[in-house]
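One structure is given below, encoded as structure tokens.
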Amino acid sequence: MAYQLKYSRYGEFAILIEWPAKIHTSILKNSLLFKKAITSFYIKKKVEVVSSYNSLLIIYPNAIDKFNSEVSNLKHLYFKGFVTEVKNTTTWEIPVCYDADFGTDIEAFSVEKKMSKTEIIKLHSTAIYTIYFTGFLPGFLYLGGLHSRLFLDRKKTPNLKVKKGAVAIGGNQTGVYPNDSPGGWHIIGNSPIDFFNVNTNPPSLFKSGDQLKFTPIDASSYLEIKQQILKSEYHLKSFITHD
Amino acid sequence: MIKVLKSGFYSSIQDAGRFGYRHFGVPVSGSMDAYASKFANLIIGNTEDASVLEITMMGPELQFLKPTIIAVSGADMQPSLNNSPIKLNIPIKIFANDVLSFGKLQNGIRAYISVKGGFKTAEVLGSNSMYKNITTINRISVDNKLDYADLVTPGFGYNSTVKYDNSLFSCSEIEAYKGPEFDKLTTANKDQIFNAEFKISKLNNRMAYQLEPLVPNLLTPILTSPVLPGTVQLTPSGRLIVLMRDCQTTGGYPRILQLTERSINILSQKYTGMSLKINQKTY
């Protein structure tokens, strides 16, 4: 499917391409295919392409000289269409400990939502989430697919220090804090996994378009996995499905 | 090696920035005043993207343990070498054990110290720019050791009459292009933005500069979308936030303006309470 895209100049170095302002997997798929085409089109230039829910930002290494001809190149590339190959989707299994020591807000969340902890964990860990993009912090994944019964507005006053690995819910979103950071989401668990590690190449395994599910674990498995990660002996589980 | 005797207010190693990792959510970082940073490098024959020490408001005290050539550009913090004043923007010969220190801030807020061949601190994801959770430290502190290249060719090996553009310090007008959500502003909003005198709030750092007063508006938040250094966001409460070099890669506030590169450099030398005007620039 081809969308009506909006191309605009964004400062001296960048061009913004926008899809309709919706969170939808078909927009994600279309924008990621376009991103791939753009990346190979500019293979010789040091061009960066940043994606989000409904846009791509192309950042050029030098000031853009001829905006109109650059846009017509891009439009041409889009209208040529993309080779639709059989797409394999990777689904990552993220271990999460939902114990109250790890999910420091899960009790309060349960009271606020009038749901049992078991129910919260079940709803949170049976859904399959789509990774839309990474932003906010290095390795912070924007996920789609949170069950509407788990929606809860962000805290009025953010926590100054949310722990690395915190699995949290804010509004209609869920996510994992890749490092200690201030944050206003409700913390319902913690994952021992490194979501971002500068010492590995690439620094993050997760790509836009991948899927992710949370697997509940107990505190002793949590500590065991932490140890294995320290010794670089842990392999994150994933499985591949075809469209 | 440089031994840090005093760290100053906020000193960090920076270069032209960390490119190619924004899709992982990694900020670009790099020298806030890219012009001053390049100048400090070029004047001693470095490439313009060599890593430099960015110092802020109150300079550090540094002891050089081996010979090199340095230059100091950007804000005038009255640099001196072994307690004798030195000039900005010229190459300076350094001998082992020389001590570089700074006095009172005269203009601007950020200065750049270049060393011949650049600093040899840890390169992470293609850049030496310090940033929390990317590099092991995000600023230097007392007793840190900062390695730099050996001096291979003694002598300056440069000859330049390029003058530093000091108008960047006195300039209180910045230029901005329309941002992606600019057209959602009312005429009254636009009038206020381009006619009002703004003041820099005390919330200003390498990530962002907030401006005062508020610009009351009816814009709705957007789906989280890419942002750049120089993007001006407008919050529902009316706060203008100018994103700077360490900004996040995405944001959810309407992006109403985009500063020119030169304006980002100008703003980098401004501090709390200073006033400025925003002028609209067209492509």
Out of all the residues in the stretch B:179-198, which are touching a strand residue (DSSP E or B) at 6+ places or on another chain (Cβ under 7 Å), assigned to a helix (DSSP H, G or I) and among the aliphatic types (A, V, I, L, M)? B:ILE193
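Identify all residues within the stretch B:134-145 that are assigned to a loop (DSSP other than H, G, I, E, B) and under 17 Å from B:TYR10 (Cα atoms); write none if there are none. Reasoning before the result, please.
So in the stretch B:134-145, the residues assigned to a loop (DSSP other than H, G, I, E, B) come out as B:134, B:136-144.
B:THR136, B:ILE137, B:ASN138, B:ARG139, B:ILE140, B:SER141, B:VAL142, B:ASP143, B:ASN144 - these are the residues of the stretch B:134-145 that are assigned to a loop (DSSP other than H, G, I, E, B) and under 17 Å from B:TYR10 (Cα atoms).
For every residue, the table says whether it meets (1) outside the structural domain of A:SER191 (by TED's automatic domain parsing); (2) within 20 Å of A:HIS147 (Cα to Cα); (3) of a type in the set (Lys, Arg).
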| position | (1), (2), (3) |
| --- | --- |
| A:GLU12 | yes, no, no |
| A:LYS35 | yes, no, yes |
| A:TYR42 | yes, no, no |
| A:LYS46 | yes, no, yes |
| A:VAL49 | yes, no, no |
| A:SER52 | yes, no, no |
| A:LEU74 | yes, no, no |
| A:PHE102 | no, no, no |
| A:ILE121 | no, yes, no |
Residue list for the stretch B:228-255, filter: more than 9 Å from chain A (Cβ to nearest Cβ) and polar (S, T, N, Q): B:GLN233, B:THR235, B:SER237
Looking at the stretch A:198-211, which of its residues are within 11 Å of another protein chain (Cβ to nearest Cβ), touching a residue at least 12 places away in the same chain (Cβ under 8 Å) and not aliphatic (A, V, I, L, M)? A:PRO203, A:SER204, A:PHE206, A:LYS207, A:SER208
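Please tell me if A:PHE214 is outside any strand (DSSP E or B) and touching a residue at least 24 places away in the same chain (Cβ under 8 Å). Give the derivation first.
Numbers: outside any strand (DSSP E or B): no; touching a residue at least 24 places away in the same chain (Cβ under 8 Å): yes.
No: the conditions fail for A:PHE214.
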Return the total of residues in the stretch B:60-72 being in a loop (DSSP other than H, G, I, E, B) and touching a strand residue (DSSP E or B) at 6+ places or on another chain (Cβ under 7 Å). 3
Take the residues of the stretch B:38-59 that are in a strand (DSSP E or B) and touching a residue at least 60 places away in the same chain (Cβ under 8 Å): which is nearest to B:ARG110 (Cα to Cα)? B:LEU53
Flag if A:LYS155 is among the charged types (D, E, K, R), more than 14 Å from chain B (Cβ to nearest Cβ), outside any helix (DSSP H, G or I) and more than 12 Å from the chain's Cα centre (by Cα): yes
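Against the condition modelled with pLDDT under 95, assigned to a loop (DSSP other than H, G, I, E, B) and in contact with a Gly (Cβ under 7 Å, 6 or more places away or on another chain), how does A:ILE43 come out, does it pass?
Numbers: modelled with pLDDT under 95: yes; assigned to a loop (DSSP other than H, G, I, E, B): yes; in contact with a Gly (Cβ under 7 Å, 6 or more places away or on another chain): no.
Criteria not met by A:ILE43.
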Residues of the stretch B:13-27 satisfying the condition of being crowded, with 22+ Cβ neighbours inside 10 Å and either assigned to a loop (DSSP other than H, G, I, E, B) or of a type in the set (S, T, N, Q) (or both): B:GLN14, B:ASP15, B:ALA16, B:ARG18, B:TYR21, B:GLY25, B:VAL26, B:PRO27
Conditions (1) assigned to a strand (DSSP E or B); (2) more than 25 Å from B:GLU175 (Cα to Cα); number of the one not met by A:GLY103: (1)
For the stretch A:127-145, give me the residue count where each residue is without any contact (Cβ under 8 Å) to a residue 40 or more places away in the chain and either within 12 Å of B:HIS23 (Cα to Cα) or assigned to a helix (DSSP H, G or I) (or both). 1
Give the number of residues within the stretch B:1-34 that are within 14 Å of chain A (Cβ to nearest Cβ), in contact (Cβ under 8 Å) with a residue 24 or more places away in the chain and aromatic (Phe, Trp, Tyr). 2
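Out of everything in the stretch A:56-100 that is assigned to a loop (DSSP other than H, G, I, E, B) and charged (D, E, K, R), what residue ends up being farthest from the other protein chains (Cβ to nearest Cβ)?
At the first step, the residues of the stretch A:56-100 found to be assigned to a loop (DSSP other than H, G, I, E, B) are A:60-66, A:80-87, A:98-100.
Checking which are charged (D, E, K, R) leaves us with A:65-66, A:80, A:85, A:87, A:99.
Values: A:ASP65: 11, A:LYS66: 11, A:LYS80: 23, A:GLU85: 21, A:LYS87: 19, A:ASP99: 26 Å.
In this case the residue turns out to be A:ASP99.
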Considering (1) farther than 22 Å from A:GLY171 by Cβ; (2) in contact with a helix residue (DSSP H, G or I) (Cβ under 9 Å, 6 or more places away or on another chain), say which one B:TYR177 fails and leave the rest. (2)
So B:ALA176, is it at pLDDT 95 or above, part of a strand (DSSP E or B), closer than 30 Å to B:SER275 by Cα and assigned by TED's automatic domain parsing to the domain that holds B:PRO221: yes
Do you know which residues across the stretch B:213-227 are touching a Gly at 6+ places or on another chain (Cβ under 8 Å), of a type in the set (A, V, I, L, M, F, W, C) and either without any contact (Cβ under 8 Å) to a residue 24 or more places away in the chain or away from chain A (no Cβ under 14 Å) (or both)? B:LEU214, B:VAL215
A:SER110 fails exactly one of (1) free of Cβ contacts under 8 Å to residues at least 40 places away in the same chain; (2) surrounded by fewer than 17 Cβ atoms within 10 Å (Cβ to Cβ); (3) touching a helix residue (DSSP H, G or I) at 6+ places or on another chain (Cβ under 7 Å), namely (2)
Check on B:LYS87, without any contact (Cβ under 8 Å) to a residue 24 or more places away in the chain, outside the structural domain of B:ILE264 (by TED's automatic domain parsing) and part of a helix (DSSP H, G or I): no
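Is one or more of the residues making up the stretch B:73-82 free of Cβ contacts under 8 Å to residues at least 40 places away in the same chain, more than 14 Å from chain A (Cβ to nearest Cβ), in a loop (DSSP other than H, G, I, E, B) and crowded, with 19+ Cβ neighbours inside 10 Å?
Just the residues of the stretch B:73-82 that are free of Cβ contacts under 8 Å to residues at least 40 places away in the same chain, to begin with: B:76-82.
Those still in the list that are more than 14 Å from chain A (Cβ to nearest Cβ) too: B:76-82.
Subset that is in a loop (DSSP other than H, G, I, E, B): B:77-79, B:82.
Right, trim to crowded, with 19+ Cβ neighbours inside 10 Å and you get B:77, B:79.
Yes - at least one qualifying residue is present in the stretch B:73-82.
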I'd like the residue in the stretch A:147-172 that is out of contact with any strand residue (DSSP E or B) (no Cβ under 9 Å at 6 or more places or on another chain) and among the charged types (D, E, K, R) and, out of all such residues, is farthest from A:LYS213 (Cα to Cα). A:LYS156
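The values are calculated or read from the model by the stated rules, or taken from the named source; none is laboratory data. All values derive from a computational prediction rather than experimental measurement. Note: ideal-geometry Cβ built from the backbone for every residue, glycine included; neighbour counts use all protein chains shown.
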